[in-house]
Ligand SMILES: C[S@@+](CC[C@H](N)C(=O)[O-])C[C@H]1O[C@@H](n2cnc3c(N)ncnc32)[C@H](O)[C@@H]1O
């Protein structure tokens, strides 16, 4: 049973119910009522092909699938279906081995590519020890920066879709796939960034829980290929609806969640980077570096008592603390460097107890997988610099679905540090932090961010979105420009110096 389940997972195997396939085909009929050919690149048991037979007339159907058993079922399925003068072809094939350009070239007339590609990510495949992936070089070529580090989690359905859209770029075709909504957006971003000739894009939300028992936001993504259209994509409540709820757009190389809202707040956009938004510290060594204090004794996550120099200990707020607006537990982080690339061997002299403790646990640091630690000092951390030690901060969690910005004061005279899912502006004074938080929490700032944030993303708030807002323009709108300029002239980034030193 377990073996069967892991095989199912490795092949992202969620067969589409016939009724949903039929709804998709009826929707596609509005885009292309008389296709010459319908292709399903991972056709499974063939419900989409059967639904296509029920919807379209006089066309050729091509079903590709890796699983021989499914192909057999699909064939049986289609024999029973009503044929409307269509011819049907099946091929057992691994998607990654098919020469899709040649295949599409061999077809005369308009094409519909339809289906539901595997719902699985490269890291899930890694855990399952599965090789159901494109070759790494192809992977990187098509997907760019994300894949180059080899560490990001990647949806196979994204790769498959991008591969097909590239192969269809010189053809008039309609592309309609059921996808996670986050994947559909990544495809749009890729296509618009690379000027792929697509147009008439739409996203129709579907209820993945009821159709697939999957707790994920999902949609039918549709676009047409062969010519380039406007970079906008209406989003519909469901497949049957004809009125869009909002329109996704594209600006400055990024997707915009709501085009009309973004136009209203456009005057608040920063022309250059104005605010010094930073993310918290990345260390990948929580068992050793994160401590709690109980009855004035420090303990690490391994349960051991720790004694090190106080100057390397800083109060730590995690994303959940920022989201809940208070530190849940008295947590401290051992900060091993005060600036990037500082040699951690300096601790031998400056903090011998910390050095001895870190050496004792060096195996935890050696196990850190991320390539960012390669070639760096043994105990190096990331996201540390002068800004880390500013006394006051205005912070927000990137993970929570909330647009509340919090003023974080120093604790016991020490600046608070954050984990790497938190974004913050370092501030010199309480006055600066209070004013900036007031501007960020204002209604107009909230409207601004709402136009850009995709709330169903894993990390809805990003530094890239935060940096787009000009706090100076918000201050102007709210009639407090004089206060804002007064504060920032004292603390502009070049003059900013942290008041705290090891
Ligand atoms: C999400 S299911 C969808 C099946 C079918 N398209 C449907 O909508 O009912 C994904 C399908 O992709 C197939 N698949 C997975 N990896 C594949 C590969 N490398 N090449 C071809 N088919 C593959 C699986 O066997 C499975 O049938």
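For the range 450-494, no residue has its backbone nitrogen under 12 Å from a point 7 Å from the Cα of residue 402, taken along Cα to Cβ.
With a simple spin-label model that places each label point 7 Å from the Cα along the Cα-to-Cβ direction, the separation between residue 411 and residue 368 comes to 2.2 nm. Straightening the chain between residue 87 and residue 441 buys 121.4 nm, computed as 0.36 nm per residue apart minus the Cα-Cα spacing.
For the pair the range 334-365 / the range 280-324, the C-alpha centres are spaced 15 Å from each other.
Each of residue 302 and residue 458 was given a label point 7 Å from its Cα along the Cα-to-Cβ line. The distance between the two points is 2.8 nm. Centroid-to-centroid, using Cα positions, the range 394-448 and the range 86-137 are 46 Å apart. With both partners inside the chain, how many of the DSSP beta bridges are antiparallel, as a percent to the nearest 5? Roughly 70 percent of the DSSP beta bridges within the chain come out antiparallel.
The Cα center of the range 449-474 and the Cα center of the range 217-249 differ in position by 22 Å. Packing, as the average of other Cβ atoms within 10 Å across residues, places the peptides 301-310, 95-104, 442-451 in the order 442-451, 95-104, 301-310, highest first. The length gained by stretching the chain between residue 68 and residue 199 to full extension, at 0.36 nm per residue less their Cα-Cα distance, is 43.6 nm. With R₀ fixed at 60 Å, the C-beta to C-beta distance from residue 207 to residue 489 puts the FRET efficiency at about 0.65. Net length available on complete extension from residue 36 to residue 79 is 13.5 nm, with 0.36 nm assigned per residue and the Cα-Cα distance removed.
Spin-label model, residue 127/residue 19: points 7 Å from Cα along the beta carbon direction are separated by 3.2 nm. Suppose R0 equals 22 Å; then what is the FRET efficiency for residue 251 and residue 273 from their Cβ-Cβ distance, rounded to the nearest 0.05? With R0 = 22 Å, the Cβ-Cβ based efficiency is 0.85. In units of the compact-protein estimate 2.2 N^0.38 Å, the chain shows a Cα radius of gyration of 1.15.
In percent, rounded to a whole number, the relative contact order of the chain is 11, using alpha-carbon pairs under 8 Å and six or more apart.
Percent of Cα pairs in the range 278-490 per distance bin of 5 Å, from zero to the largest separation: 1, 7, 14, 18, 18, 15, 11, 8, 5, 3, 1, 0.
Computed from the coordinates by the stated procedures, all read-outs in this text should not be read as laboratory data. Note that the structure is a prediction, hence the values are computed from the model and not measured. Positions of Cβ are backbone-derived with ideal geometry, glycine not excepted, and every protein chain shown enters the neighbour counts.
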